[in-house]
Amino acid sequence: MKIASKSISFLTLVLVLLTSFSVYGKDGAKKGDPVNTRTEINEYIQHHLKDSHDFHLFSTFDDNGVEHHWGFPLPVMLWGENGFTAFMSSEFHHDDDGTVVVEKGDSRFVKLHSRIYELNAGETAVQFDEEHHAVNASKPFDLSITKSVFGILLIGLLMLFWFSRLARQYKNKQVPTGFGRVLEPLVVYVRDEIAKPNIGESYRKFTGYLLTVFFFIWILNLVGLMPFGFNVTGQIAVTAALAVITLVIYVFSGNKHFWGHMLWMPGIPYVFRPLLGIIELIGTLVIKPFSLLVRLFANITAGHTVVMSLVAVGILMQESLSATGSTIVSLFLSLFIMLIEVLVAFLQAYIFTTLSALFIGMAVADDHHDEELHDELGEEIEDTEVIRKNFT
């Protein structure tokens, strides 16, 4: 249990360090009433699903109606017109309307709709068009440590720590102890139930990637259910990056049979082979990775939206059900959906990993047996094993 206790201690230390930054959140602005209308709730849900340059845990209002934000800032790193600029996101004071201007040297930055803009030279305030888009500012190259980046780095370090300890125990021919006992059956499951059946004899070459992507997605999905504001797998850029990695692996691992059957499909009249080759190429390079990224992104985003919407029931139905009744209904429905979301967290990691293994297996599969089922002209012939079975 030493590994588990060290992991818990590490997470506790991280949380303590992060909460120590919450003092900066006391810089409040007079915002009026808390979020309690349908429009405000919808905007809050949309804001929660987006990536952010800081962690906003919750807000409180004092007797004077001044809103106090509680959370901690993250580093902002930008490459703009005047070169590289870095500062903490607390300098925006939680403003997301372009009101607060941060001056760094000759550059001025504002935050608008969760994105940072650099004002044009000589401008002191952002100006908007009819659709509330900035007209006198441009987007710098953003290298900031956002919530999603922070989550990726945190989970990556934890996975490196856990699996390096597990690998060291295997290397020393020891029975896994501590948290390794939790990881071992999952590792065996991914190897025996996902990698082997879908890839075949060369499964060892790709098991490392499948294990990485399975645990990475699964842990991030679980962390996304916690009240820290994480929504990493709900960011389409993250799911797209994972899908592209899978695409690169099975494209560059594909053997001659894979490309031959795709571009010049045997058993098909020659006049249709170029058209089918184009269709297969589009399916391999576009449709397969697109299905991977959209499935994960859509399911996680939908789950977060449903959970937060059910929580909002306690606010929207106060007049019809009273405060107590609406709270009980909201709590019951939210807990029910959260249990389903725990299952979905594992299911989406399993589906992504299984489809990745399936695509890789299709690319590396030996097709020598299938070649015997076609003659020199590409015409289908009966399998010799079938002929022998029918004869006997």
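Where a number appears in this text, it was derived from the coordinates with a stated rule and is not lab data. Values in this document were obtained by computation on a predicted structure and should not be read as measured data. Glycine also receives a Cβ, built like all others from the backbone with ideal geometry; neighbour counts cover every protein chain displayed.
So the values come out like this:
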{"read-out": "Spatial separation of Cα centroids for segment 201-260 and segment 275-308, in angstrom", "value": "13"}
{"read-out": "Extension gain, Val248 back to Gln174 (0.36 nm per residue minus Cα-Cα distance, nm)", "value": "23.1 nm"}
{"read-out": "Given Lys111/Lys139; Lys147/Lys288; Lys104/Lys139; Lys139/Lys288; Lys50/Lys111, the pairs whose alpha carbons are separated by over 22 Å", "value": "Lys147/Lys288; Lys139/Lys288"}
{"read-out": "Sparsely packed trypsin sites (Lys or Arg not before Pro) within segment 113-185, loop by DSSP, other Cβ within 10 Å at most 11", "value": "Lys173"}
{"read-out": "Residue-wise HN-Hα coupling along segment 329-339, computed from phi with Karplus coefficients 6.51, -1.76, 1.60 (Hz; x: Gly, Pro)", "value": "4, 4, 5, 5, 5, 5, 5, 5, 5, 5, 4"}
{"read-out": "Karplus (6.51, -1.76, 1.60) ³J(HN,Hα), θ = phi - 60°, over segment 161-168, in Hz, Gly and Pro reported as x", "value": "5, 5, 7, 5, 5, 5, 5, 5"}
{"read-out": "For segment 154-288, size of Cβ-based charge dipole, Lys and Arg +1, Asp and Glu -1, in debye", "value": "440"}
{"read-out": "Table column - 3J(HN,Hα) (Hz), segment 272-283, Karplus curve with 6.51, -1.76, 1.60, x for Gly and Pro", "value": "8, 4, x, 5, 5, x, 5, 4, 5, 5, 5, x"}
{"read-out": "Inter-label distance for Asp95 and Trp264, nm, one decimal - labels placed 7 Å from Cα along Cα-to-Cβ", "value": "6.5"}
{"read-out": "Segments 118-128, 269-279 sorted - mean Cβ within 10 Å per residue, highest first", "value": "118-128, 269-279"}
{"read-out": "In nm, spacing of pseudo-spin labels at Ala237 and Ile279 (7 Å Cα→C-beta vector)", "value": "3.7"}
{"read-out": "Distance (nanometres) between label positions extended 7 Å along Cα→Cβ at Thr327 and Lys104", "value": "4.3"}
